[in-house]
Structures are given as structure tokens and as C-alpha cells.
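Enquirer: Before I ask anything, let me first share the structure, which is written out below as C-alpha cells.
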Amino acid sequence: MNRPKKISLTYEISRRCNLNCAFCYNAWKMDSESSRVGSISSSDDTSGQLSSRQTLFLLAKAIDEMECSDISLSGGEPLLREDIFDVISFLKKRNVKVSLITNGAFLTEDAIDKCLSSGLDTFQVTLLSDKPELHNRLAGGEVFDKAIEAILNIKKRNGTVYTFFVGLADNIHTFKGTMELNVLLGVSNVALGRFTPGGSGLRGWQNYMPAPDMIDGALRAADEISRKHRISVSVSTPILPCLNDISRYKGIRFAFCAVGNKDHSLFGIDPEGNLKVCSHSPHTLGNLLERPFEQLIGDSFLEDFISALPPFCRDCPEVSICRGGCRSSAHVCYGSLAEEDPYLKLWKARAKKPLASSFKTATGESTDDS
């Protein structure tokens, strides 16, 4: 792979998390043993993550070698790291745009102030429903009220906050209400992510996957509300055009897998410094602390990832953009990059390939598919 013109990075800065989302894609939650490691066991438990010194060295190396323009700090829950504000300050001194992906439980007024004074550009808070009991059940903890309070406090301080909605069979029917809640909260950007199997969500993933008509319902609501209230809506996970005609939704920005994209590519780094093709993939290309970025992107897995395509998708006029959906979830579910996206495999009987490409007016810039 040649170096892309622009690189964005998601850094899973900690395994630790206060919640237990059943659909969590974190690679270390692919079995029960790893899942226990990822939870909070004590206030000073830092297992499975780099020290402050190692973290700053890693990020400096990543910035120098990858020339990345923006970095998202995720987890686990990044606010469980006591040095998180120092990390944000360090990145801002290197002229990097920084986003914090959080469940909102620890976004107290003090934490928000420290994030903003450290230079944080964007807060991304998970909002799984406008129904508190449903949000809390899916998140595995009582966090809805804290997330709402955090969003209001960020807005009060003129901070930039986006929300992220994971579309599951259980909650996607509430997306319209959640969009309306975002309008009331003053949120101007909402990301809708279709569930993709991985981590904890690999067990019984068929039960989490929404049907195409459910996704169409969410897209209709998003398109309507985005036009009415001038709220930006992006779909951060590939929606396959053979299952959903995205050309109908002109008010939504659709994104597709950016792995290997020569203009703008995204990579992930796990808590131990291992480089991944995307944050959803459990496969590591090698450790960035031990080897240079240019060597790591020469790994044959990356070449296989870029070229892999299911036979069903090869003659589709949208294949150059869609790329058969999410290759990482296919690899996780079926052990092969060339398998069909689980969303397609589950609902293949409903698939209808487009007669011609319609993505020129329906899509935006490619982004990570996780």
C-alpha cells in the first residue's frame, strides 16, 4: 500500500470501561476472559494499556511517521485514564485535531472544562435511544441521564459535541425520537452506525442486526429531520445499496470503508500500540512502538484486505465504492475477508443489485466502517 494523501487515526487508549455494551466490537471482548480484562476491576488497574510515557512516545511516532491530521481517542472509556487531559494537550501542541469518544458517564462539568482547556476539538457522546431505560439496557449501565447532562453542559460552554447512535434491531425504531432529542439538545451533528458484529457482539450477532426495512425507516426519519432542522446526519458504517437504496436520502452523508483509500485512509491503534487496518478489525499489522509505519503497511494482510471481494458483489455497478460492505465484520464472523458482509448474508434474499451507479450524488468522503 502506498501512503495515502491524508490519514486519520483512532487510538483505543484504554481497555477499561465502566459499561458492558452487549454489542461492543472491541477485539479484546471476543471471549469472556478478555471481556473481564476490559472492565473496571480497581481504581488503579491499568492492565492492557500503555503507560503515560509510552503513550506520548507512541503518539509522537505516529504523528511523525503517519503525518496524521486528526486523532480520535476511544477505548474502552478514555476518561478512565487519569492522564487523558495531558494526552489531549500533547496532541494539540502537535497541531492535531482531537476528538474524544465517550459514553458520557465521566463528563462532569470539571472534566468538560479540563478537556476544553486542554484544547479538545470535539466530544462524541454515545446516545442509543431517547428512551432512558432502553439506552441503559443496551449500554449495560445507568448512564443516560449523565450523557444528557454532559451534552447540555458542553453546549453551555460552547463546546462542539456530536452524538453516535448504533443501529440495532432493539433500538433502531427509536432513531426518529433520538434525532428529535438531539434537536432539543442543540446537537448539530449525528452519526448513525449500523451494527457490525465483533467483540461482545459476535455472540448471537443475528439477534442484533436490524433488517433492511428497519434501516430504511431510520434513514427516512434522518432525511426528514435533517432537512427540517438543518442538523447534519452521517452514516458511519457501510449501507449496502443492494439492500437499501441510499440514493433516495439526499440529506444524509453516507460513508464507506476507507481502508486503502489513496486520498483519505483511516487506521486504528489498540491499547498496546498495535496498528490495525481499522478500529473494528482484531488483526494487527504489528506494533508501532517496535517498527516504522512504512514497514507495517507493507503487511500482506492489508493487501489482501484491499483486494478481497465476495463473488456476489463482483459485477455490481457500485462495487468500487461499496466494496461489498464491511470486510472486517466478514472476516470476524466467517474467517475470510472475501466472505459477504454479515448484513448481506443475513438478508441476501432481499438483495437487488442497482442497475447503475448512483453514489456520485449520494455519498460523502469515505470514513472508517466501525
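The values are calculated or read from the model by the stated rules, or taken from the named source; none is laboratory data. Nothing here was measured: the structure is a model prediction, and the numbers come from that model. As a convention, Cβ positions derive from the backbone with ideal geometry for all residues, glycine included, and neighbour counts pool all protein chains shown.
Enquirer: Exactly one of these conditions fails for Arg230: (1) touching a His at 6+ places or on another chain (Cβ under 8 Å); (2) over 30 Å from Arg3 (Cβ atoms). Give me its number.
Expert: Going through the list (1) touching a His at 6+ places or on another chain (Cβ under 8 Å); (2) over 30 Å from Arg3 (Cβ atoms), Arg230 breaks only (1).
Enquirer: Take Ile239 and decide whether it is surrounded by fewer than 24 Cβ atoms within 10 Å (Cβ to Cβ), touching a helix residue (DSSP H, G or I) at 6+ places or on another chain (Cβ under 8 Å) and more than 22 Å from Glu133 (Cα to Cα).
Expert: No.
Enquirer: Among the residues of the stretch 181-214, how many are closer than 28 Å to Arg230 by Cα, in a helix (DSSP H, G or I) and touching a helix residue (DSSP H, G or I) at 6+ places or on another chain (Cβ under 7 Å)?
Expert: So the count comes out to 4.
Enquirer: With respect to Val190, is the statement that it is of a type outside the set (S, T, N, Q) and farther than 15 Å from Tyr343 by Cα true?
Expert: When the stated conditions are applied, Val190 passes them.
Enquirer: While we're looking at this one, here's another question. Check Leu184 against each of (1) closer than 26 Å to Pro78 by Cβ; (2) free of Cβ contacts under 8 Å to residues at least 12 places away in the same chain and name the one condition it does not meet.
Expert: (1)
Enquirer: Next up: Just one of (1) under 20 Å from the mean Cα position of the chain (by Cα); (2) in contact (Cβ under 8 Å) with a residue 40 or more places away in the chain trips up Phe165, so point out which.
Expert: (2)
Enquirer: If you scan the stretch 135-185, which residues turn out to be of a type in the set (A, V, I, L, M), within 25 Å of Pro197 (Cβ to Cβ) and surrounded by fewer than 18 Cβ atoms within 10 Å (Cβ to Cβ)?
Expert: Hit for the stretch 135-185 is Ala169, nothing else.
Enquirer: OK, next. So in the stretch 285-334, with the set limited to residues that are polar (S, T, N, Q) and farther than 24 Å from Tyr25 by Cα, which one is farthest from the chain's Cα centre (by Cα)?
Expert: In this case the residue turns out to be Gln295.
Enquirer: Going by the conditions given, is Gly193 under 13 Å from Ala22 (Cβ atoms), within 18 Å of the chain's Cα centre (by Cα) and touching a residue at least 40 places away in the same chain (Cβ under 8 Å)?
Expert: When the stated conditions are applied, Gly193 does not pass them.
Enquirer: Now a separate question. Every residue in the stretch 100-111 that is under 14 Å from Asp86 (Cα atoms) and in contact with a strand residue (DSSP E or B) (Cβ under 8 Å, 6 or more places away or on another chain), please.
Expert: Listed by number, the list holds a single entry, Leu100.
Enquirer: Can you tell me which residues in the stretch 214-268 are touching a Pro at 6+ places or on another chain (Cβ under 9 Å), among the aromatic types (Phe, Trp, Tyr) and within 30 Å of Gly286 (Cβ to Cβ)?
Expert: Matches in the stretch 214-268: Phe256 only.
Enquirer: Further question: State all residues of the stretch 231-274 that are at pLDDT below 90 and among the polar types (S, T, N, Q); if no residue qualifies, say none.
Expert: Of everything in the stretch 231-274, those that are at pLDDT below 90 and among the polar types (S, T, N, Q) turn out to be Ser236, Asn261.
Enquirer: From the residues in the stretch 104-114 that are under 30 Å from Asp64 (Cα atoms) and touching a residue at least 40 places away in the same chain (Cβ under 8 Å), which one is surrounded by the fewest Cβ atoms within 10 Å (Cβ to Cβ)?
Expert: By that ranking, first place goes to Asp113.
Enquirer: Out of everything in the stretch 335-357 that is within 24 Å of His283 (Cβ to Cβ), among the charged types (D, E, K, R) and assigned to a loop (DSSP other than H, G, I, E, B), what residue ends up being nearest to the chain's Cα centre (by Cα)?
Expert: Going through the qualifying residues, I end up with Asp341.
Enquirer: In the stretch 151-193, which residues are farther than 17 Å from Asp213 by Cα and among the charged types (D, E, K, R)?
Expert: Lys155, Lys156, Arg157, Glu180
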